[in-house]
Structure formats: structure tokens, C-alpha cells
Amino acid sequence: MKEKQFIVLIIYDIVDNKTRSRMVKCLEQYGVRVQKSVFEALLTEVQYRKLIRESQRIINHQVDSLRVYILDDVVNVYTWGIGERKEQDCIIL
């Protein structure tokens, strides 16, 4: 039986060019770039957890921002992120 996969959106704002390049190389292993700082991927839970571990090692937690959105189905959206998040953030799908 095939393992369940999720659509995952990865959105980042990285200050340093070298760090940004490392993140892009990492994300290219998992998905496709759909905008300058946005990747889209179809991942299993194991792949998702590996992506999170790897991206945490790359990003500067003090100045950069990283958001990962899991689109589980039409109703549920789960998020994970590093960096400041404003209360008025709204997700519209």
C-alpha cells in the first residue's frame, strides 16, 4: 500500500545570500520552486520530518523566517515556522 502524501508549501525570507543558496539546494531535493522564495512539494510524513530537520540546521533562527504549510485535505491546514508571525496572519485556500 502506498504511503500517504501531503502537498507542502515552503515559504522563506532569508537575509544572507549564502544561507539562501543552501536553503534553495535543500528544498530542490524535495519539491519545485513556484516563486522566488516559495517551494511546493508532495511529501510523505517521513520526507516532511527530514525536510524540517535539514532546514532547521540551515536557517538563522535570529533573523530569517521559514514557514511550512501542510495541506492535508480541503479542511485541515497545519503550519510550522521559524521567525515572527503576526496575529493577523490569515490563510485563505
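The values are calculated or read from the model by the stated rules, or taken from the named source; none is laboratory data. Note that the structure is predicted; figures quoted are calculated from it, not measured. Cβ sites come from the backbone with ideal geometry, for glycine too, and all protein chains shown count toward neighbours.
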Matching residues in the stretch 32-76 - criterion: being out of contact with any helix residue (DSSP H, G or I) (no Cβ under 9 Å at 6 or more places or on another chain), within 13 Å of F6 (Cβ to Cβ) and part of a strand (DSSP E or B): E40, L42, Y69, L71
Of all residues making up the stretch 6-52, the number that are surrounded by fewer than 16 Cβ atoms within 10 Å (Cβ to Cβ) and touching a residue at least 60 places away in the same chain (Cβ under 8 Å): 2
Using the structure shown, decide if I70 is at pLDDT below 65, touching a Ser or Thr at 6+ places or on another chain (Cβ under 8 Å) and of a type in the set (A, V, I, L, M, F, W, C). no
Residues (among the β-branched types (V, I, T) and in a helix (DSSP H, G or I)) located in the stretch 1-31: T19, V24
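Does the stretch 30-51 hold any residues that are modelled with pLDDT under 90 and out of contact with any Asp or Glu (no Cβ under 6 Å at 6 or more places or on another chain), and which are they?
So the first thing to find is which residues in the stretch 30-51 are modelled with pLDDT under 90, and the list is 34-35.
The one that is modelled with pLDDT under 90 and out of contact with any Asp or Glu (no Cβ under 6 Å at 6 or more places or on another chain): Q35.
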Just the residues that are more than 17 Å from T19 (Cβ to Cβ), within 13 Å of the chain's Cα centre (by Cα) and of a type in the set (A, V, I, L, M), please, taken from the stretch 39-67. A41, L42, L43
